[in-house]
Amino acid sequence: MAPATEQFNGVGRRKTSTARVYLRPGKGEFKINGRSFEGHFGKRPTVEKVVHEPLVAVDAQSKWDVIVTVRGGGPIGQAGAIRHGIARALVQSNPDLRGTLRRHGLLTRDPRMKERKKYGLHKARRAHQFSKR
């Protein structure tokens, strides 16, 4: 029986997106929902920068293969969720990285969510147009 390769998990969340991230020692390959990075997100340099931020912060871009399952939300929320998950998985792989990632603000879950719509209003805060007559 072959030895099990070590793997580290991290769950990241942002807005309504949830990402389960698995880090395995490798050459720096990305798989998101079974597709390549470009296959999932397309050509979006800002999204790519956001997702790779934790690996760049600890200088480990080519040390880990990243396998991600992400659900919900749009591309920006999914990118933030993946970033959060990667940071958590890196801390699981090496607890000494916690300080570096914390300083870059990568371990904090972004609490901003869409505000719910209230009755009597068009949107969360947008009221009907007022007319005197």
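The values are calculated or read from the model by the stated rules, or taken from the named source; none is laboratory data. Predicted model, so just to flag it, every value in this text is computed and none were measured. Positions of Cβ are backbone-derived with ideal geometry, glycine not excepted, and every protein chain shown enters the neighbour counts.
Quick look at the values:
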quantity: Some residue of the stretch 1-13 being part of a helix (DSSP H, G or I), charged (D, E, K, R) and closer than 30 Å to R116 by Cα; calculated: no
quantity: Answer from Q92, Q78 - the residue that is in a helix (DSSP H, G or I), in contact (Cβ under 8 Å) with a residue 60 or more places away in the chain and more than 12 Å from the chain's Cα centre (by Cα); calculated: Q92
quantity: Failed item, numbered, when V56 is tested on (1) within 20 Å of F8 (Cβ to Cβ); (2) in contact with a Phe, Trp or Tyr (Cβ under 6 Å, 6 or more places away or on another chain); (3) aliphatic (A, V, I, L, M); (4) in a helix (DSSP H, G or I); calculated: (2)
quantity: Options A81, A57, A19; residue that is modelled with pLDDT of 95 or more, in contact with a His (Cβ under 9 Å, 6 or more places away or on another chain) and either of a type in the set (A, V, I, L, M) or farther than 22 Å from L101 by Cβ (or both); calculated: A19
quantity: V70 being surrounded by 11 or more Cβ atoms within 10 Å (Cβ to Cβ), free of Cβ contacts under 8 Å to residues at least 60 places away in the same chain and part of a helix (DSSP H, G or I); calculated: no
quantity: Scan of the stretch 14-53 for residues that are in contact (Cβ under 8 Å) with a residue 60 or more places away in the chain and in a strand (DSSP E or B), ordered by number; calculated: R14, S17, T18, A19, R20, V21, Y22, L23
